[in-house]
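A quick write-up on the structure given underneath.
The values are calculated or read from the model by the stated rules, or taken from the named source; none is laboratory data. Treat the numbers as computed from the prediction; the structure is a model and nothing was measured. No Cβ is skipped: glycine too gets one built from the backbone with ideal geometry, and neighbour counts run over all protein chains shown.
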Amino acid sequence: MNIESRLAQIGSQSDPQTGAVSFPVYQSTAFRHPKLGQSTGFDYARTKSPTRSVLEAAAADLESGHAGFACSSGMAALQTIFALFKQGDHLLVSLDLYGGTYRMLEQIMSRFGVTASYVDTNDLDALESHRTAGTKAVLIETPTNPLMMITDLAKVSAWAQKHGLLTIVDNTLLTPFFQRPIELGADIVIHSATKYLGGHNDVLAGLIVTKGKELSAEMAFLHNSIGAVLGPQDSWLLMRGMKTLALRMERHQYNATRLAEWLKTYPAVEEVYYPALPHHPGHEIQNAQSSGNTGIFSFKMKDARTIEPILRNIRLIAFAESLGGVESLMTYPAVQTHADIPEEIRRKIGVDDRLLRFSVGIEHIDDIMEDLGQAIKAAEREING
Ligand SMILES: *Cc1c(COP(=O)(O)O)cnc(C)c1O
């Protein structure tokens, strides 16, 4: 069945007792056993919980994986995955990384003796030169945020497999509607479901999808043992958001493409970072491995003095962190989302004081364009006196 249909039908045929089209919220944490040695399949809600189970099965299906695990946030999902590693293990990680992931690796995992090297994950020579005897996995974001760097997932997964490394992909920005890393050779997919999957800036959640029985069993052990699981209410809210994922992603992509093309021609704008633009590095790889583009892009102004007035003058577009919701949000990575990444690394990759990141919502394109246009014009007027 096509993914649009599978998304719309999440949980709709999963409650044979009542026929409920919207799968119920099972709040119970304890489950009665029929008799000694028998179980309904549910014992205690940290291990397995009915509403969460429907969400987890949907996640595994959408990402073409073996099993899904719903966590209390994207960071909780990453922490659960990182628990696969032990003292002395080493990870190869995308250079332009989500700030929270960088912080967890550098300030938490490092205490447990797990280290990471940050490299351009699309460059096999760079990966090879940083690989050590302790290297266990490659962690990839593609596209990265905010610079939208693209990694060829089939190429890197094949390289990783050859060296016995796990390939872990953070698929938050594209979602399974546009990109399915496991089909391209990855072992584990992680999502901040807080973003596009939830889609409405109203539920904090993370998802893990694993390939194969063995890895799934290991993840099930960690998920239950660590306990950073998603509650039933939030599981329900996330499924409700996911039902409209296809429609939302198509509109996000349409709006972002129109805006990126328009800004590319705008004289006060130096560069636009968006994989749908033909000049973008990795444009061809992105087209080959994904069926569409995210609703996020970044742009660099020529003059840093325009940043403050742009953020002050936007009205429809909110100046706020996060991304992937129906509402347009704009953020300033150097001081917000990427503040935990050392200035030296930020500069090396180009996250500087002239860069803005735009999570384009599903509002009418004309309204978003008009708002951004008036904000940039107001900023230009201010700096030119
Ligand atoms: C937001 C985000 C995370 C962290 O997810 P939370 O749900 O905020 O904990 C991880 N990776 C990416 C790419 C993100 O955008």
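Checked against the criterion of being under 18 Å from Tyr273 (Cβ atoms) and free of Cβ contacts under 8 Å to residues at least 60 places away in the same chain, the candidates Arg381, Arg347 yield just one match: Arg347. How many residues are part of a strand (DSSP E or B) and charged (D, E, K, R) if we restrict to region 254-307? Summing the residues that are part of a strand (DSSP E or B) and charged (D, E, K, R) in region 254-307 gives 3.
Among the residues of region 84-96, those identified as assigned to a loop (DSSP other than H, G, I, E, B), over 23 Å from His223 (Cβ atoms) and either within 11 Å of the ligand (Cβ to nearest atom) or of a type in the set (A, V, I, L, M) (or both) are Leu95, Asp96. For region 116-134, the condition of being among the acidic types (Asp, Glu), within 16 Å of the ligand (Cβ to nearest atom) and in a helix (DSSP H, G or I) holds for none of the residues. Of the residues making up region 263-272, none is free of Cβ contacts under 8 Å to residues at least 40 places away in the same chain and assigned by TED's automatic domain parsing to the domain that holds Gln179. Report, by residue number, each residue of region 339-385 that is modelled with pLDDT of 95 or more, small (Gly, Ala, Ser) and closer than 18 Å to Pro309 by Cβ. Gly373, Ala375, Ala378, Ala379 - these are the residues of region 339-385 that are modelled with pLDDT of 95 or more, small (Gly, Ala, Ser) and closer than 18 Å to Pro309 by Cβ.
Set side by side, the residues Val54, Val21 differ, and just one is buried (at least 16 other Cβ atoms within 10 Å of the Cβ), touching an Asp or Glu at 6+ places or on another chain (Cβ under 9 Å) and closer than 16 Å to Met239 by Cα, which is Val54.
Applying the condition of being buried (at least 19 other Cβ atoms within 10 Å of the Cβ) and among the aromatic types (Phe, Trp, Tyr) to region 296-335 and asking which residue is farthest from the ligand (Cβ to nearest atom) yields Phe299.
Can you tell me which residue in region 216-236 is nearest to the ligand (Cβ to nearest atom), limited to those that are part of a helix (DSSP H, G or I) and aliphatic (A, V, I, L, M)? Per the stated criteria, the residue is Ile226. Any residue in region 237-251 that is assigned to a loop (DSSP other than H, G, I, E, B) and over 16 Å from Gly325 (Cβ atoms)? No, there is no match, as no residue in region 237-251 is assigned to a loop (DSSP other than H, G, I, E, B) and over 16 Å from Gly325 (Cβ atoms). Within 16 Å of the ligand (Cβ to nearest atom), crowded, with 16+ Cβ neighbours inside 10 Å, among the hydroxyl-bearing types (Ser, Thr, Tyr) and without any contact (Cβ under 8 Å) to a residue 40 or more places away in the chain - does that describe any residue in region 101-108? No: region 101-108 contains no residue that is within 16 Å of the ligand (Cβ to nearest atom), crowded, with 16+ Cβ neighbours inside 10 Å, among the hydroxyl-bearing types (Ser, Thr, Tyr) and without any contact (Cβ under 8 Å) to a residue 40 or more places away in the chain.
For (1) closer than 14 Å to Ser216 by Cβ; (2) assigned to a loop (DSSP other than H, G, I, E, B); (3) more than 16 Å from the ligand (Cβ to nearest atom); (4) assigned by TED's automatic domain parsing to the domain that holds Tyr98, each residue gets a yes or a no:
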position: Ser28; (1), (2), (3), (4): no, yes, yes, yes
position: Lys35; (1), (2), (3), (4): no, yes, yes, yes
position: Lys48; (1), (2), (3), (4): yes, yes, yes, yes
position: Thr51; (1), (2), (3), (4): no, no, yes, yes
position: Val54; (1), (2), (3), (4): no, no, yes, yes
position: Ala58; (1), (2), (3), (4): no, no, yes, yes
position: Asp61; (1), (2), (3), (4): yes, no, yes, yes
position: Gly65; (1), (2), (3), (4): yes, yes, yes, yes
position: Phe69; (1), (2), (3), (4): yes, no, no, yes
